[in-house]
1. On a 25 Å Cα-Cα criterion, which of the cross-link pairs Lys62/Lys185; Lys139/Lys171; Lys42/Lys185; Lys74/Lys150; Lys71/Lys171 come out too long?
2. For the pair Gln53 and Glu181, how long in nm is the line joining their label points, each one 7 Å along Cα→Cβ?
3. Using 0.36 nm times the number of residues separating His189 and Arg104, minus their current alpha carbon distance, what extension gain do you get?
4. Rank these by accessible area, largest first, 1.4 Å probe: Lys78, Lys62.
5. With each label point set 7 Å from Cα along the Cα-Cβ vector, what nm distance links Ala169 and Tyr86?
6. Put a dot 7 Å past each Cα toward the Cβ at Arg143 and Thr33; how far apart are the dots in nm?
7. Once the piece of chain linking Lys150 and Trp210 is laid out straight, how much longer is it, given 0.36 nm per residue of separation minus the C-alpha distance between them?
8. Only residues of segment 33-66 count here: report those whose backbone N is under 18 Å from the spot 7 Å along Cα→Cβ of Leu14, or say none.
Amino acid sequence: MTYRQKPTTVYTDLELEQIDEAELVNRFQDGDTEAFNPLVLKYQQKIYNLMYQRVRDQEVAKDLCQEAFLKAFKALPKFKGGSAFYSWIYRIAINCSIDFQRQRKRGKVFPFEELSVEDDDVLNMKDPHPSPDKALEEKELGRIIRKAVKKLPPGQRRVFNLRHRNELAIKDIAVLLNRSEGTIKAHLHHAHRQLQGMLLPYLQNAPLEWNGETQ
(Lines give C-alpha, C1' and ligand atoms only; values in the text may rest on other atoms or scores of the structure.)
Protein backbone atom coordinates (compact mmCIF):
# COMPACT_ATOMS: atom_id res chain seq x y z
CA MET A 1 0.00 0.00 0.00
CA THR A 2 1.20 3.51 -0.78
CA TYR A 3 0.32 6.50 1.38
CA ARG A 4 -0.72 9.59 -0.59
CA GLN A 5 0.09 12.71 1.40
CA LYS A 6 -2.09 15.09 -0.66
CA PRO A 7 -5.47 13.64 -1.59
CA THR A 8 -6.73 15.05 -4.89
CA THR A 9 -10.49 14.65 -4.37
CA VAL A 10 -12.16 17.89 -3.34
CA TYR A 11 -14.61 17.81 -0.42
CA THR A 12 -16.59 20.62 1.12
CA ASP A 13 -16.35 21.19 4.87
CA LEU A 14 -19.90 19.90 5.23
CA GLU A 15 -19.08 16.73 3.29
CA LEU A 16 -16.06 16.10 5.48
CA GLU A 17 -18.11 16.67 8.61
CA GLN A 18 -20.70 14.14 7.47
CA ILE A 19 -18.42 11.36 6.23
CA ASP A 20 -18.97 7.93 7.73
CA GLU A 21 -15.57 7.27 9.29
CA ALA A 22 -16.37 3.67 10.24
CA GLU A 23 -17.34 2.93 6.63
CA LEU A 24 -14.13 4.50 5.34
CA VAL A 25 -12.07 2.45 7.77
CA ASN A 26 -13.86 -0.73 6.66
CA ARG A 27 -13.28 0.12 3.01
CA PHE A 28 -9.61 0.74 3.69
CA GLN A 29 -9.27 -2.55 5.54
CA ASP A 30 -10.93 -4.26 2.57
CA GLY A 31 -8.20 -2.94 0.28
CA ASP A 32 -9.54 0.46 -0.85
CA THR A 33 -6.61 2.63 0.22
CA GLU A 34 -8.23 5.71 -1.36
CA ALA A 35 -10.71 5.63 1.53
CA PHE A 36 -7.91 7.02 3.74
CA ASN A 37 -7.87 10.32 1.82
CA PRO A 38 -11.01 11.95 3.25
CA LEU A 39 -9.85 11.02 6.75
CA VAL A 40 -6.61 12.88 6.08
CA LEU A 41 -8.48 15.89 4.71
CA LYS A 42 -10.82 15.99 7.69
CA TYR A 43 -8.13 15.88 10.36
CA GLN A 44 -4.86 17.09 8.86
CA GLN A 45 -5.33 20.68 10.07
CA LYS A 46 -6.17 19.55 13.60
CA ILE A 47 -3.15 17.27 13.72
CA TYR A 48 -0.91 20.00 12.30
CA ASN A 49 -2.20 22.47 14.91
CA LEU A 50 -1.51 19.93 17.65
CA MET A 51 2.03 19.41 16.40
CA TYR A 52 2.69 23.13 16.08
CA GLN A 53 1.53 23.69 19.67
CA ARG A 54 4.05 21.06 20.74
CA VAL A 55 7.11 22.14 18.70
CA ARG A 56 6.47 25.79 17.70
CA ASP A 57 8.11 25.26 14.33
CA GLN A 58 6.05 25.16 11.13
CA GLU A 59 8.33 22.89 9.13
CA VAL A 60 8.85 20.45 11.98
CA ALA A 61 5.11 20.44 12.62
CA LYS A 62 4.47 19.60 8.96
CA ASP A 63 7.00 16.75 9.09
CA LEU A 64 5.49 15.35 12.29
CA CYS A 65 1.99 15.65 10.85
CA GLN A 66 3.10 13.66 7.81
CA GLU A 67 4.77 11.11 10.07
CA ALA A 68 1.60 10.70 12.16
CA PHE A 69 -0.58 10.05 9.11
CA LEU A 70 2.01 7.68 7.65
CA LYS A 71 2.02 5.67 10.89
CA ALA A 72 -1.79 5.73 10.92
CA PHE A 73 -1.87 4.50 7.31
CA LYS A 74 0.40 1.59 8.18
CA ALA A 75 -1.47 0.73 11.39
CA LEU A 76 -5.04 1.18 10.13
CA PRO A 77 -5.41 -2.42 8.88
CA LYS A 78 -5.19 -3.52 12.54
CA PHE A 79 -7.49 -0.79 13.89
CA LYS A 80 -10.32 -2.49 15.81
CA GLY A 81 -12.60 0.52 16.13
CA GLY A 82 -12.47 0.52 19.93
CA SER A 83 -12.30 4.33 19.89
CA ALA A 84 -13.17 7.11 17.48
CA PHE A 85 -10.76 7.46 14.56
CA TYR A 86 -9.70 10.94 15.72
CA SER A 87 -8.92 9.72 19.26
CA TRP A 88 -6.84 6.95 17.72
CA ILE A 89 -4.82 9.16 15.40
CA TYR A 90 -4.55 11.82 18.13
CA ARG A 91 -2.68 9.29 20.27
CA ILE A 92 -0.43 8.43 17.34
CA ALA A 93 0.33 12.12 16.84
CA ILE A 94 1.07 12.68 20.53
CA ASN A 95 3.45 9.73 20.51
CA CYS A 96 5.20 11.16 17.43
CA SER A 97 5.71 14.48 19.21
CA ILE A 98 6.94 12.73 22.35
CA ASP A 99 9.48 10.73 20.34
CA PHE A 100 10.67 13.89 18.61
CA GLN A 101 11.05 15.81 21.86
CA ARG A 102 12.80 12.89 23.54
CA GLN A 103 15.37 12.86 20.74
CA ARG A 104 15.75 16.64 20.86
CA LYS A 105 16.19 16.67 24.62
CA ARG A 106 18.50 13.68 24.81
CA GLY A 107 21.17 14.48 27.32
CA LYS A 108 19.34 17.50 28.68
CA VAL A 109 19.31 17.74 32.48
CA PHE A 110 15.87 17.41 34.04
CA PRO A 111 14.73 20.97 34.88
CA PHE A 112 14.20 21.34 38.63
CA GLU A 113 11.97 24.37 38.25
CA GLU A 114 9.28 22.21 36.66
CA LEU A 115 8.94 20.24 39.88
CA SER A 116 7.43 23.02 42.02
CA VAL A 117 4.16 21.98 43.66
CA GLU A 118 1.40 24.58 43.68
CA ASP A 119 2.65 27.47 45.89
CA ASP A 120 5.27 25.39 47.69
CA ASP A 121 8.90 25.97 46.72
CA VAL A 122 10.22 22.72 48.19
CA LEU A 123 11.17 21.47 44.74
CA ASN A 124 11.84 24.83 43.10
CA MET A 125 15.55 24.97 43.84
CA LYS A 126 17.26 26.02 40.61
CA ASP A 127 19.37 29.18 40.72
CA PRO A 128 19.75 30.89 37.29
CA HIS A 129 23.29 32.01 38.21
CA PRO A 130 24.69 29.41 40.60
CA SER A 131 28.16 29.49 42.11
CA PRO A 132 30.34 26.42 41.47
CA ASP A 133 29.40 25.00 44.87
CA LYS A 134 25.73 25.73 44.26
CA ALA A 135 25.91 24.12 40.83
CA LEU A 136 27.28 20.94 42.41
CA GLU A 137 24.45 21.00 44.97
CA GLU A 138 21.87 21.36 42.20
CA LYS A 139 23.44 18.52 40.25
CA GLU A 140 23.20 16.31 43.32
CA LEU A 141 19.60 17.39 43.90
CA GLY A 142 18.81 16.52 40.30
CA ARG A 143 20.23 13.02 40.82
CA ILE A 144 18.12 12.56 43.95
CA ILE A 145 14.99 13.86 42.21
CA ARG A 146 15.41 11.46 39.30
CA LYS A 147 15.80 8.54 41.68
CA ALA A 148 12.79 9.70 43.70
CA VAL A 149 10.67 9.85 40.54
CA LYS A 150 11.63 6.25 39.74
CA LYS A 151 10.21 5.19 43.12
CA LEU A 152 6.74 6.54 42.34
CA PRO A 153 3.98 4.00 41.58
CA PRO A 154 3.98 3.22 37.83
CA GLY A 155 0.78 5.16 37.06
CA GLN A 156 1.93 8.26 38.91
CA ARG A 157 5.41 8.04 37.40
CA ARG A 158 4.09 7.86 33.86
CA VAL A 159 1.74 10.83 34.35
CA PHE A 160 4.50 12.82 36.07
CA ASN A 161 6.98 12.21 33.25
CA LEU A 162 4.44 13.00 30.53
CA ARG A 163 3.57 16.26 32.29
CA HIS A 164 7.07 17.43 33.24
CA ARG A 165 9.50 15.72 30.90
CA ASN A 166 7.34 15.75 27.78
CA GLU A 167 5.44 18.93 28.75
CA LEU A 168 2.03 17.57 27.77
CA ALA A 169 -1.14 19.33 28.85
CA ILE A 170 -3.46 17.52 31.25
CA LYS A 171 -6.06 17.03 28.50
CA ASP A 172 -3.45 15.52 26.16
CA ILE A 173 -2.29 13.07 28.81
CA ALA A 174 -5.92 12.09 29.45
CA VAL A 175 -6.46 11.30 25.76
CA LEU A 176 -3.13 9.49 25.44
CA LEU A 177 -3.79 7.25 28.45
CA ASN A 178 -7.55 6.98 27.88
CA ARG A 179 -8.30 8.35 31.36
CA SER A 180 -10.38 11.26 32.61
CA GLU A 181 -8.69 14.60 33.26
CA GLY A 182 -9.71 14.25 36.91
CA THR A 183 -7.82 10.96 37.16
CA ILE A 184 -4.73 12.50 35.58
CA LYS A 185 -4.86 15.46 37.98
CA ALA A 186 -5.20 13.10 40.92
CA HIS A 187 -2.17 11.04 39.79
CA LEU A 188 -0.15 14.22 39.36
CA HIS A 189 -1.21 15.62 42.74
CA HIS A 190 -0.27 12.41 44.56
CA ALA A 191 3.04 12.22 42.69
CA HIS A 192 3.91 15.79 43.71
CA ARG A 193 3.00 15.16 47.35
CA GLN A 194 4.95 11.92 47.49
CA LEU A 195 8.02 13.58 45.98
CA GLN A 196 7.76 16.41 48.49
CA GLY A 197 7.76 13.92 51.33
CA MET A 198 10.69 12.01 49.89
CA LEU A 199 12.82 15.10 49.22
CA LEU A 200 12.06 17.21 52.29
CA PRO A 201 14.62 15.46 54.55
CA TYR A 202 17.35 16.04 51.95
CA LEU A 203 16.51 19.75 51.76
CA GLN A 204 16.65 19.92 55.56
CA ASN A 205 20.07 18.24 55.60
CA ALA A 206 18.60 15.13 57.20
CA PRO A 207 19.35 11.57 56.05
CA LEU A 208 17.08 10.03 53.46
CA GLU A 209 15.54 6.83 54.77
CA TRP A 210 15.07 5.59 51.23
CA ASN A 211 18.70 6.61 50.49
CA GLY A 212 17.92 7.87 47.01
CA GLU A 213 18.05 4.32 45.66
CA THR A 214 15.68 2.82 43.09
CA GLN A 215 13.87 -0.37 43.87
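The values are calculated or read from the model by the stated rules, or taken from the named source; none is laboratory data. None of the values given here were measured: they were computed from a predicted structure. Note that we place each Cβ from the backbone using ideal geometry, even for glycine, and neighbour counts take in every protein chain shown. Accessible surface areas use protein heavy atoms only, side chains included; no ligands, DNA or RNA. Shrake-Rupley method; radii C 1.70, N 1.55, O 1.52, S 1.80 Å.
1. Numbers: Lys62/Lys185 31 Å; Lys139/Lys171 32 Å; Lys42/Lys185 31 Å; Lys74/Lys150 34 Å; Lys71/Lys171 22 Å.
Flagged as over cut-off: Lys62/Lys185; Lys139/Lys171; Lys42/Lys185; Lys74/Lys150.
2. 1.1
3. Details: separation 85, 0.36 × 85 = 30.60 nm, distance 2.77 nm.
Contour length minus the Cα-Cα distance gives 27.8 nm.
4. Working: Lys78 165, Lys62 105 Å².
Descending order: Lys78, Lys62.
5. Distance between the two pseudo-spin positions: 1.4 nm.
6. 5.3
7. Values: separation 60, 0.36 × 60 = 21.60 nm, distance 1.20 nm.
That pair, Lys150 and Trp210, stretches by 20.4 nm at full extension.
8. Only 42 fall inside the zone, counting backbone N under 18 Å.
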